[in-house]
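**Student:** Have a look at the structure that comes next, please.
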Amino acid sequence: MQTIRTIKKMQAVAKLLTVKKKKIGLVPTMGALHEGHLSLIRRAKKAADVVIVSVFVNPAQFGPKEDFKKYPRDEKEDLKKIKKAGGDIVFAPEAAEIYPCDYETYVVLENLPKTLEGEIRPDHFRGVATIVSKLFNITRPDLAVFGMKDYQQAMVIKKMTRDLGFPIRIIIAPTVREEDGLAMSSRNRYFDHIGRWEAVCLFYALRTAREMVKAGIVDTKLITKEMRAVILATCAVAKIDYIAFTEFETLKPVKKVVKNTVCSLAVRLHGVRLIDNMKLI
Ligand code: AMP
């Protein structure tokens, strides 16, 4: 496995692979890898000849009061995990390689980023769309794999890929969960024992929503009320940023759950902000 730090070298290697007619799969990550990330690498490996995994904590997607500085970084462990999962090339640039001091070009979607996460993290998707566009140009992939765990991000990237005409197939892979149902996340490392135990409240709430829908209750107001109760019963100190019901691709809000409605939520507990989602039918 090869680790590449510069754009120039990565572009040269990608060009050579393309000349050799190798199908390139890209898996963008911010490191601190867990089984969720590794599932994306394995998914990419199924569809591509060569899998490039980027490891880059992207400063442009963090707000000024967010956890950029303390975001977990463990490159040595990450490299071992990527190799074991079948990654072929790691692209791990320094921040100054991606954003030199005179950097000024950003990719902005007009509408998709305005709801859900975007309401609370206003410049987050500008940072995401910018880094993913840059990674697309640097690694020239045929396909790229993203996790449904970051539902809105996956939809933003799908739309951006279509709008800008990147010739890249976007694959969205299912969320990998811990045994108790908590969605795997690099931020789960922040929890102490009690916090970790209570963090499962997001999954409990989503499971409640799914069960209500199965029982024929489709009114999102009723479901939201029940989800709030479940969260607060599991974690009394939880602060719910939002519980939303949206159409899968457009993120348009729905009042009644129908096929492909996604329920997503963001909750802050014990100083950690978690997001999760589930397709309800
Ligand atoms: P991150 O390192 O958090 O930026 O995530 C990199 C990629 O891994 C994104 O496409 C995420 O959606 C995906 N991902 C994160 N957590 C999970 C998970 N639990 N299951 C599947 N994919 C995930």
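**Student:** Quick check on this structure: which one of Val13, Val27 is outside any loop (DSSP other than H, G, I, E, B), surrounded by 14 or more Cβ atoms within 10 Å (Cβ to Cβ) and more than 16 Å from the ligand (Cβ to nearest atom)? Spell out the reasoning first.
**Tutor:** Numbers: Val27 fails: more than 16 Å from the ligand (Cβ to nearest atom).
On inspection, the qualifying residue turns out to be Val13.
Let's see how each residue does on (1) part of a strand (DSSP E or B); (2) among the β-branched types (Val, Ile, Thr); (3) surrounded by fewer than 22 Cβ atoms within 10 Å (Cβ to Cβ):
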residue: Val132; (1), (2), (3): no, yes, no
residue: Phe136; (1), (2), (3): no, no, yes
residue: Lys158; (1), (2), (3): no, no, yes
residue: Ile171; (1), (2), (3): yes, yes, yes
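**Student:** If you go through region 192-206 one residue at a time, do you hit one that is open to solvent by 60 Å² or more (accessible area, probe 1.4 Å), closer than 24 Å to Thr115 by Cβ and among the basic types (Lys, Arg)?
**Tutor:** Checking region 192-206: not a single residue is open to solvent by 60 Å² or more (accessible area, probe 1.4 Å), closer than 24 Å to Thr115 by Cβ and among the basic types (Lys, Arg).
**Student:** I need the full set of residues from region 99-124 which are open to solvent by less than 60 Å² (accessible area, probe 1.4 Å), of a type in the set (A, V, I, L, M, F, W, C) and in contact (Cβ under 8 Å) with a residue 60 or more places away in the chain, in order please.
**Tutor:** Listed by number, the residues that qualify are Leu112, Leu116.
For (1) in contact with a Pro (Cβ under 8 Å, 6 or more places away or on another chain); (2) in contact (Cβ under 8 Å) with a residue 60 or more places away in the chain; (3) within 12 Å of the ligand (Cβ to nearest atom); (4) of a type outside the set (A, V, I, L, M, F, W, C), each residue gets a yes or a no:
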{"position": "Ala154", "(1), (2), (3), (4)": "no, no, yes, no"}
{"position": "Met160", "(1), (2), (3), (4)": "no, no, no, no"}
{"position": "Leu164", "(1), (2), (3), (4)": "no, no, no, no"}
{"position": "Pro167", "(1), (2), (3), (4)": "no, no, no, yes"}
{"position": "Ala173", "(1), (2), (3), (4)": "no, yes, yes, no"}
{"position": "Ser185", "(1), (2), (3), (4)": "no, yes, yes, yes"}
{"position": "Asp192", "(1), (2), (3), (4)": "no, yes, no, yes"}
{"position": "Glu198", "(1), (2), (3), (4)": "no, yes, no, yes"}
{"position": "Tyr204", "(1), (2), (3), (4)": "no, no, no, yes"}
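The values are calculated or read from the model by the stated rules, or taken from the named source; none is laboratory data. Since we're looking at a predicted model, the values are computed, not measured. Don't worry about glycine lacking a Cβ; one is built from the backbone with ideal geometry, like all the others, and counts go over all protein chains shown. For the accessible areas, the whole protein counts, side chains as well, though only heavy atoms, and no ligand, DNA or RNA atoms are used. Shrake-Rupley method; radii C 1.70, N 1.55, O 1.52, S 1.80 Å.
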